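The values are calculated or read from the model by the stated rules, or taken from the named source; none is laboratory data. For clarity, every value in this text was computed on a predicted model and none was experimentally measured. A quick note on method: Cβ atoms are made from the backbone with ideal geometry, for glycine too, and the neighbour counts reach across all protein chains shown.
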Amino acid sequence: MQDVINTIREFLANVNPLWVYFVISIMGLYVYWRGCTETRKSRSSIFDTFSLAMIIGLIVGRASYLVINWSQYSRYTWYFLPYEKYGDTMYFFRLLPWRLVRVWDGGLTIFVAMIGFLIVITLLVLLVKKWRWYQVYFPIFFSMIAMLGISFVYMGILNENTLWIIQGGILFVIPVLFWLVSKILLVSVKNGIKRRRILVYIGVLIITLTSMYISYSYLLDEVSRFEFVAVISLILWVAIMDIFLIVDINRPSVTIERVSSVRAVDIEINQPIKF
């Protein structure tokens, strides 16, 4: 087993981090897309909300990394062109401010990026798309958890940290566990409304326990201020959105118009009828 992990570690060490971010994003997009399409959401809207939230999340994660590790960048000089030329050789993005965008070097606070993604996509689906919260709550959270789990496994393999690998594996399995519960309920509970309510309450329990596990795992170690704020944001987000979900699931989904939308038509009784 150790030989397999060593082989994987050697392979990942030679892979550009941008490709790793891309694979992580694809896995998160699949979880989010799979959950949203079951509620018949537009595929273009699914892709748009996820992509925009992911981009902003990466920017937030990169910015927090730069602030935390600014001492590594302050020694570089500033130059208005994105390249340097020495003879026939050109070097790109080596000086400030261009060096700040070198995400492919691996400089990213992944947990801060994931919480940024979580908050941004929540605002998009609620305020811009105006989707029902009970329909997207689970796809949003479990897509974030899947990406965070893969990130834990990736960093654990590179840093030879078995605990991170185990924690990442646990996080990655949680969306699968919720999916299995939904399939079991689909077979065992025939009433659709009752089945949906049971699934919501089980999902709330799983998400609450998962957020507590993540928060506890982070707070056990020494974390940066950004990561501490991210932990608090996660706790508040789950608490508020759990309550909002319970309210939304009990809100009637059918609206009745008070005034008929059919225009009245006047008919003359003595008017001849043509065949």
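Which is surrounded by fewer than 16 Cβ atoms within 10 Å (Cβ to Cβ) and either of a type outside the set (A, V, I, L, M) or over 21 Å from the mean Cα position of the chain (by Cα) (or both), of Val176, Val189? Break it down stepwise before answering.
On the way: Val176 fails: either of a type outside the set (A, V, I, L, M) or over 21 Å from the mean Cα position of the chain (by Cα) (or both).
After ruling out the rest, the residue left standing is Val189.
Can you say whether Leu148 is within 26 Å of Phe22 (Cβ to Cβ) and either in a helix (DSSP H, G or I) or aliphatic (A, V, I, L, M) (or both), as far as the supplied structure shows?
yes
Being among the hydrophobic types (A, V, I, L, M, F, W, C), in contact with a helix residue (DSSP H, G or I) (Cβ under 6 Å, 6 or more places away or on another chain), surrounded by 11 or more Cβ atoms within 10 Å (Cβ to Cβ) and within 30 Å of Leu96 (Cβ to Cβ) is the requirement here; does Ile24 meet it?
yes
From Val67, Val125, Val112, Val120, which residue is surrounded by fewer than 14 Cβ atoms within 10 Å (Cβ to Cβ), among the β-branched types (Val, Ile, Thr) and either modelled with pLDDT of 90 or more or not in a loop (DSSP other than H, G, I, E, B) (or both)? Explain how you work it out, then say what you get.
Working: Val125 fails: surrounded by fewer than 14 Cβ atoms within 10 Å (Cβ to Cβ); Val112 fails: surrounded by fewer than 14 Cβ atoms within 10 Å (Cβ to Cβ); Val120 fails: surrounded by fewer than 14 Cβ atoms within 10 Å (Cβ to Cβ).
Step by step, each of Val67, Val125, Val112, Val120 is checked, and only Val67 is surrounded by fewer than 14 Cβ atoms within 10 Å (Cβ to Cβ), among the β-branched types (Val, Ile, Thr) and either modelled with pLDDT of 90 or more or not in a loop (DSSP other than H, G, I, E, B) (or both).
List pairs: first in the range 11-30 and under 12 Å from Leu58 (Cβ atoms), second at pLDDT 85 or above and surrounded by fewer than 18 Cβ atoms within 10 Å (Cβ to Cβ), Cβ under 7 Å, 6+ apart or cross-chain?
What qualifies is Leu18/Val103.
Consider only pairs whose beta carbons are under 6 Å apart and that are at least six residues apart or on different chains; among these, list those whose first residue lies in the range 190-215 and is at negative phi and whose second residue is polar (S, T, N, Q) and surrounded by 15 or more Cβ atoms within 10 Å (Cβ to Cβ).
From the range 190-215, the pairs are Leu199/Ser182.
Can you work out which of the residues in the range 211-269 that are outside any helix (DSSP H, G or I) and closer than 23 Å to Val120 by Cβ is modelled with the highest pLDDT?
The selected residue is Ser224.
For the range 34-58, which positions are crowded, with 16+ Cβ neighbours inside 10 Å, assigned to a helix (DSSP H, G or I) and touching a residue at least 40 places away in the same chain (Cβ under 8 Å)? Before the answer, list the steps.
Filtering the range 34-58 for residues crowded, with 16+ Cβ neighbours inside 10 Å gives 35-36, 41, 46, 49-50, 53-54, 56-58.
So of that shortlist, the ones also assigned to a helix (DSSP H, G or I) come out as 35-36, 46, 49-50, 53-54, 56-58.
Matches in the range 34-58: Gly35, Cys36, Thr49, Phe50, Ala53, Met54, Ile56, Gly57, Leu58.
Is there a residue in the range 212-227 that is crowded, with 17+ Cβ neighbours inside 10 Å and under 19 Å from Pro139 (Cβ atoms)?
yes
Look at the range 70-87 and say how many of its residues are of a type in the set (A, V, I, L, M) and assigned to a helix (DSSP H, G or I).
Qualifying residue count, the range 70-87: 0.
So, in the range 4-17, of the ones that are of a type in the set (A, V, I, L, M, F, W, C) and surrounded by 13 or more Cβ atoms within 10 Å (Cβ to Cβ), which residue ends up nearest to Lys129 (Cα to Cα)?
By that ranking, first place goes to Leu12.
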